[in-house]
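Novice: Here it is: the structure, laid out below.
The values are calculated or read from the model by the stated rules, or taken from the named source; none is laboratory data. What you see is a predicted model, and the numbers here were worked out from it, not measured in a lab. Here the Cβ positions follow ideal geometry from the backbone for every residue, glycine too, while neighbour counts run over all protein chains shown.
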């Protein structure tokens, strides 16, 4: 096992540094630091929030890292008992929005329990066996989520006993549990590199007790990402779309990526109906790997996708050669931000979306055909480096690089769920 991944010397007593925790408040409340609450506030929340053992003041948590998506989080933490290090733990919280809808469509309501399928990856050699397991999650009204904590061990130190306030939560199929196969990974929790997981209804309804023969499953369904390492050069190639069978969270803490080294994935008539005036009806196939505005082929460099957390789905760079159009489309339940970095072109914004735009810029003629929705009025706004286009849920946008442009129009885009 890689000694660099050892969290502590197991024979050494490690104590919770209460003085350091108290001193944190002085730094975070300094007036000049208030604007940076996005950095400090979550840290304080995760250390002070309700976790299972905090019902007893004898326990403290030291949260190391938090990862998640829109509906769940995975938390690495240390657990201290009476001020001394007890063990490492992994906490799962799941809001169950997608799973609740699947159950409703089958005529059921979610009960107090759901199952989580976990698969752990570890950076150390030799830590890789038995790292897959179903774990039961229990609904907790304190956090309005299904949750469980997987502790490295439930055994207290010699001559010490657990608090009775916490003991009733511990054991098999309890909110505080232990998985023997996970112990090597949790013992060196800083080396835990990734967690893949999905969620499903249990086999049996509680409290009614009937068997659920067709349990709903939330395994990141309807989500995919675009192949960015070795994309196929043909526009709209199905091989460039990778179905995601499970959620995935990475515990790598930083990346440096050079967009220039990432090959673009090519799309012809992106987000565009055949009825659109901009739709290119090919008499011959576009040349593989070539951005061709005359055939409405654009490129997207998918810089970061599954690595992003929270509700963010992707960060990519879009390139439109002269004559190419990104189809005008509407966002519902999602938002997107464009920041233009190179070239000059035209952005479309839905009429009524920005009152200042309505007062200043003309309507587009002919009325654009919105992807999947039919014609809707839009405004045409000139864009160049430094312009930001921000579209909220319900808004409409699209981008055109005119045929007479001198070069490519480029922008970077964040796409994310608006929950």
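Novice: I'm trying to understand the selection: among the residues of region 103-132, which are within 13 Å of residue 184 (Cβ to Cβ) and surrounded by 15 or more Cβ atoms within 10 Å (Cβ to Cβ)?
Specialist: To start, the set of residues in region 103-132 that are within 13 Å of residue 184 (Cβ to Cβ) comprises 120-131.
Passing the criteria: 120, 121, 122, 123, 124, 127, 131.
Novice: How many residues does region 376-419 hold that are in contact with a helix residue (DSSP H, G or I) (Cβ under 9 Å, 6 or more places away or on another chain) and within 24 Å of residue 223 (Cβ to Cβ)?
Specialist: Counting residues in region 376-419 that are in contact with a helix residue (DSSP H, G or I) (Cβ under 9 Å, 6 or more places away or on another chain) and within 24 Å of residue 223 (Cβ to Cβ) gives 2.
Novice: If residue 384 passes every condition in (1) touching a residue at least 12 places away in the same chain (Cβ under 8 Å); (2) exposed (fewer than 14 other Cβ atoms within 10 Å of the Cβ); (3) under 27 Å from residue 333 (Cα atoms) but one, which one does it miss?
Specialist: Against the list (1) touching a residue at least 12 places away in the same chain (Cβ under 8 Å); (2) exposed (fewer than 14 other Cβ atoms within 10 Å of the Cβ); (3) under 27 Å from residue 333 (Cα atoms), residue 384 comes up short only on (3).
Novice: Does residue 135 satisfy being on the phi < 0 side of the Ramachandran plot and buried (at least 22 other Cβ atoms within 10 Å of the Cβ)?
Specialist: Numbers: on the phi < 0 side of the Ramachandran plot: yes; buried (at least 22 other Cβ atoms within 10 Å of the Cβ): no.
Here the answer is no, as residue 135 does not meet what is asked.
Novice: If I filter region 363-370 for residues that are within 21 Å of residue 300 (Cα to Cα) and surrounded by 15 or more Cβ atoms within 10 Å (Cβ to Cβ), do I get at least one hit?
Specialist: yes
Novice: Give the residue that is modelled with the lowest pLDDT, with candidates limited to residues of region 290-307 that are within 21 Å of residue 338 (Cβ to Cβ) and not in a strand (DSSP E or B).
Specialist: Filtering region 290-307 for residues within 21 Å of residue 338 (Cβ to Cβ) gives 291, 293, 296-305, 307.
From the residues that got through so far, the ones that are not in a strand (DSSP E or B) too are 291, 293, 296, 305, 307.
Values: 291: 95, 293: 94, 296: 96, 305: 90, 307: 85.
Among them, the one singled out is 307.
Novice: Step by step: first the residues of region 260-284, then only those that are more than 20 Å from residue 410 (Cβ to Cβ) and out of contact with any strand residue (DSSP E or B) (no Cβ under 6 Å at 6 or more places or on another chain), then the one that is surrounded by the most Cβ atoms within 10 Å (Cβ to Cβ). Which residue is that?
Specialist: So in region 260-284, the residues more than 20 Å from residue 410 (Cβ to Cβ) come out as 273-277, 279-284.
Cutting the leftovers down to out of contact with any strand residue (DSSP E or B) (no Cβ under 6 Å at 6 or more places or on another chain) gives us 274, 277, 279-284.
Details: 274: 9, 277: 11, 279: 15, 280: 20, 281: 8, 282: 12, 283: 6, 284: 6.
Restricting to residues being more than 20 Å from residue 410 (Cβ to Cβ) and out of contact with any strand residue (DSSP E or B) (no Cβ under 6 Å at 6 or more places or on another chain), the top hit is 280.
Novice: Another question about this same structure. Go through (1) surrounded by 16 or more Cβ atoms within 10 Å (Cβ to Cβ); (2) touching a helix residue (DSSP H, G or I) at 6+ places or on another chain (Cβ under 8 Å); (3) in contact (Cβ under 8 Å) with a residue 60 or more places away in the chain for residue 165 and report which single condition fails.
Specialist: Answer for residue 165: the failing condition is (1).
Novice: If you don't mind, another one. Of the numbered conditions (1) modelled with pLDDT of 90 or more; (2) in a loop (DSSP other than H, G, I, E, B); (3) in contact with a strand residue (DSSP E or B) (Cβ under 7 Å, 6 or more places away or on another chain), residue 287 fails exactly one; give the number of that condition.
Specialist: Failing condition for residue 287: (3).
Novice: Considering only region 207-226, how many residues are on the phi < 0 side of the Ramachandran plot, in contact with a strand residue (DSSP E or B) (Cβ under 6 Å, 6 or more places away or on another chain) and in contact (Cβ under 8 Å) with a residue 12 or more places away in the chain? Spell out how you get there, then give the answer.
Specialist: Of region 207-226, the ones on the phi < 0 side of the Ramachandran plot are 207-208, 210-219, 221, 223-226.
Okay, now just the ones that are also in contact with a strand residue (DSSP E or B) (Cβ under 6 Å, 6 or more places away or on another chain), so 211, 215, 217-219, 224-226.
In the following step, the residues that additionally are in contact (Cβ under 8 Å) with a residue 12 or more places away in the chain were identified as 215, 217-219, 224-226.
Final tally of qualifying residues: 7.
Novice: Which one of these does residue 153 not meet: (1) in contact with a helix residue (DSSP H, G or I) (Cβ under 9 Å, 6 or more places away or on another chain); (2) surrounded by 15 or more Cβ atoms within 10 Å (Cβ to Cβ); (3) not in a loop (DSSP other than H, G, I, E, B)?
Specialist: Every condition holds for residue 153 apart from (3).
Novice: Oh, and also: Only one of (1) modelled with pLDDT of 75 or more; (2) over 31 Å from the mean Cα position of the chain (by Cα) is not met by residue 18, so which one is it?
Specialist: The number of the failed condition is (1).
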